[in-house]
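Below: the structure, in structure tokens.
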């Protein structure tokens, strides 16, 4: 005798659902423990200008090979876009060096600021474009947030020109680094010490070896050739754009020497 079993609709539905259920994939990770010895992936912040208007900047930074973590617009009320999560690498630094670090994409956060950069006339003279104050105000707020979360020291907030002298000029001599110094974000040479040292170097300018060693000590990838070669001039231009933007010809003069000396020599402590 055959016994026929006709499952109910509810049993059939249960069987179908059971068959569709998926088993979680990947390893089971217990996150209840955390190592004391760890730090942020980001060691540096690199500031750039886009050399493009806002629509072009958005297109380039979202659809092409180059990218940045943040894009700061030049609108009347600037907007800060996050284009790449800080935990991931953006492609903004390229071939770059600072102190013992190379190829800084993997260890930095990139900020692109919408700014045309410069125009050049028929005689090769550049006209640099300023940055609206509201744009700088928004940048300072962003930088303070990044610095606080990633414990980035003042000496590691840099321009693209600092990490790629000669190859890059951004954010250029119109960028107001001094405002960042006033906000406690970057190192700045003490004006009194610079004034006191300038006559010393007017009387006796150090040789190129001194300039090259001190610039390398500060962080720049500087040749140690003993010659005022093109690469050394490029480093001097980058340094001057940041700390002495009124005159950026790459000449190792007395004022530049005084600035370098103050930035590379700790101030004497009062007794």
- Using the eigenvalues of the Cα gyration tensor, what equivalent ellipsoid semi-axes result for the stretch 148-202 when each is taken as the square root of five times the eigenvalue, whole Å, largest first? 23, 18, 10
- Query: Summing -39500 (n - 2.57) over the DSSP H runs of n ≥ 4 in the chain and dividing by its residue number, what mean residue ellipticity at 222 nm do you reach, to the nearest 500 deg cm²/dmol?
  - Reply: -11000 deg cm²/dmol
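Which whole-number percentage describes the relative contact order of the chain, with Cα contacts under 8 Å and a sequence gap of 6 or more? Mind dumping the intermediate values first?
On the way: 389 pairs, mean separation 46.0, N = 271.
It rounds to 17 percent for the chain.
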- Item | 0 to 90° range, to nearest 10: angle between helix 54-63 axis and the chain longest Cα axis | 60
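Just rank 253, 53, 170, fewest to most, by other beta-carbon atoms within 10 angstrom. Provide the component values of the computation, followed by the final result.
On the way: 253 18, 53 12, 170 21.
Ordered from fewest to most neighbouring Cβ atoms within 10 Å, 253, 53, 170 come out as 53, 253, 170.
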- Note on the structure: Here the convex hull volume per residue of the chain, taken over Cα atoms and given in Å³, is 247
- Write down the percent of antiparallel bridges among all DSSP beta bridges whose residues are both part of the chain, to the nearest 5. 40
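Which peptide among 58-71, 98-111 comes first, and what is the full order, when sorted by highest mean count of other Cβ atoms within 10 Å?
Details: 58-71: 17.3, 98-111: 18.9.
Sorting 58-71, 98-111 by mean packing, highest first, produces 98-111, 58-71.
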- Query: Given the C-alpha centroids of the stretch 188-212 and the stretch 97-148, what is the distance between them in whole angstrom?
  - Reply: 27
- Kirkwood Rh, angstrom, the stretch 191-264 [1 / mean 1/r, Cα pairs]: 12.1
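So if the hydrodynamic radius of the stretch 44-182 is defined as the Kirkwood radius over C-alpha pairs, what does Stokes-Einstein give as its diffusion coefficient at 25 °C and 0.890 mPa s, in µm² per second?
Values: Rh = 15.2 Å.
This corresponds to a translational diffusion coefficient of 161 µm²/s.
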- For the chain, find the longest principal axis of its Cα atoms and tell me its angle to the long axis of helix 254-264, 0 to 90°, nearest 10. 40
- Note on the structure: Helix 9-20 sits off the longest principal axis of the Cα atoms of the chain, rounded to the nearest 10 on a 0 to 90 degree scale, by 30
- Message: How large is the translational diffusion coefficient of the stretch 172-220 in µm² per second when you combine the Kirkwood radius over alpha carbon pairs with Stokes-Einstein at 37 °C and 0.692 mPa s?
- Response: 252
- Share antiparallel - DSSP beta bridges, the stretch 44-182, percent rounded to 5: 40
- Item | For 120, 241, 174, order by how many other beta-carbon atoms lie within 10 Å, fewest first | 120, 174, 241
- Query: In vacuo Debye scattering of the stretch 217-260, one point per C-alpha: log10 I(q)/I(0) at q = 0.29, 0.32 Å⁻¹?
  - Reply: -1.18, -1.34
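Every number in this text was worked out from the coordinates using simple rules, so none of it is lab data. Just so it is clear, the model here is predicted, and its values are computed rather than measured. Neighbour counts are summed over all protein chains in view; Cβ atoms, including those assigned to glycine, are modelled from backbone coordinates with ideal geometry.
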